[in-house]
Ligand SMILES: Cc1cc2nc3c(=O)[nH]c(=O)nc-3n(C[C@H](O)[C@H](O)[C@H](O)COP(=O)(O)O)c2cc1C
């Protein structure tokens, strides 16, 4: 059994809705267990992320999909605090060869989501992870309507999270989850 963790921060629930869709897609793959790990601001003290349980769950995962809202053209401050807390794992090369992917939600159709995805990929590259993007050209039913390939993008502004990101964006997130899970399972069985 391969494990894929979906590690996300969400300020107002929109990225959480996307994270649930990504985990649903990952969990649909036979032989894969998906788990949702939320970055809770209460776990950040004086700028330091202190939830060791989340770090240990990632240690035990074969795939890791990062999710963050786009705030001011990058990941949220809470996500950055979590990233900083992974430095000890970087030094020990603890996450080398885990399969990585990412998604983000922001209010603009672009909204500079790309730089958020690149930020998360950079973290994964520093850890020596194997990056998996989205293999989906924009198509029917609005799938990948926002046209990202580095990962999955969703759009949501002030609407309630039950309304946005919309079904097409969540299906795009599911596709990313499935793809990362399939690669993680294949690599685990080699
Ligand atoms: C501090 C802050 C910065 C934001 N910066 C951007 C931005 O750079 N681009 C954009 O399109 N939307 C931006 N937004 C809108 C959010 O990305 C959007 O509302 C998103 O759905 C929030 O996700 P969440 O509910 O998971 O926090 C920003 C919102 C906040 C609160």
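The values are calculated or read from the model by the stated rules, or taken from the named source; none is laboratory data. These figures come from a predicted structure and were not determined experimentally. For neighbour counting, all protein chains shown are included, and Cβ atoms are generated from backbone atoms with ideal geometry for every residue, glycine included.
Evaluating residue 15 against the criteria (1) over 19 Å from residue 95 (Cβ atoms); (2) in contact with a helix residue (DSSP H, G or I) (Cβ under 7 Å, 6 or more places away or on another chain) leaves one unmet condition, (2).
Looking at residue 160, is it modelled with pLDDT of 95 or more, part of a loop (DSSP other than H, G, I, E, B) and surrounded by 23 or more Cβ atoms within 10 Å (Cβ to Cβ)?
Values: modelled with pLDDT of 95 or more: yes; part of a loop (DSSP other than H, G, I, E, B): yes; surrounded by 23 or more Cβ atoms within 10 Å (Cβ to Cβ): no.
No: the conditions fail for residue 160.
State the number of residues belonging to segment 90-129 that are farther than 12 Å from residue 67 by Cα, crowded, with 17+ Cβ neighbours inside 10 Å and more than 16 Å from the ligand (Cβ to nearest atom). Final tally of qualifying residues: 7.
Among the residues of segment 5-16, those that are within 12 Å of the chain's Cα centre (by Cα) and within 16 Å of the ligand (Cβ to nearest atom) comprise 6, 7, 8, 9, 10, 15, 16.
Is it the case, given these coordinates, that residue 182 is touching a strand residue (DSSP E or B) at 6+ places or on another chain (Cβ under 9 Å) and part of a helix (DSSP H, G or I)?
Values: touching a strand residue (DSSP E or B) at 6+ places or on another chain (Cβ under 9 Å): yes; part of a helix (DSSP H, G or I): yes.
Yes: the conditions hold for residue 182.
Among residues of segment 147-158 being out of contact with any helix residue (DSSP H, G or I) (no Cβ under 8 Å at 6 or more places or on another chain) and in contact (Cβ under 8 Å) with a residue 24 or more places away in the chain, the one that is nearest to the ligand (Cβ to nearest atom) is 157.
The number of residues in segment 66-89 being within 11 Å of the ligand (Cβ to nearest atom) and in contact (Cβ under 8 Å) with a residue 40 or more places away in the chain comes to 11.
Every residue, every condition in (1) in a strand (DSSP E or B); (2) away from the ligand (no atom under 16 Å from the Cβ), yes or no:
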| site | (1), (2) |
| --- | --- |
| 3 | yes, yes |
| 19 | no, no |
| 23 | no, no |
| 37 | yes, no |
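Checking each residue in segment 24-34 for being buried (at least 18 other Cβ atoms within 10 Å of the Cβ) and out of contact with any helix residue (DSSP H, G or I) (no Cβ under 6 Å at 6 or more places or on another chain) picks out only 27.
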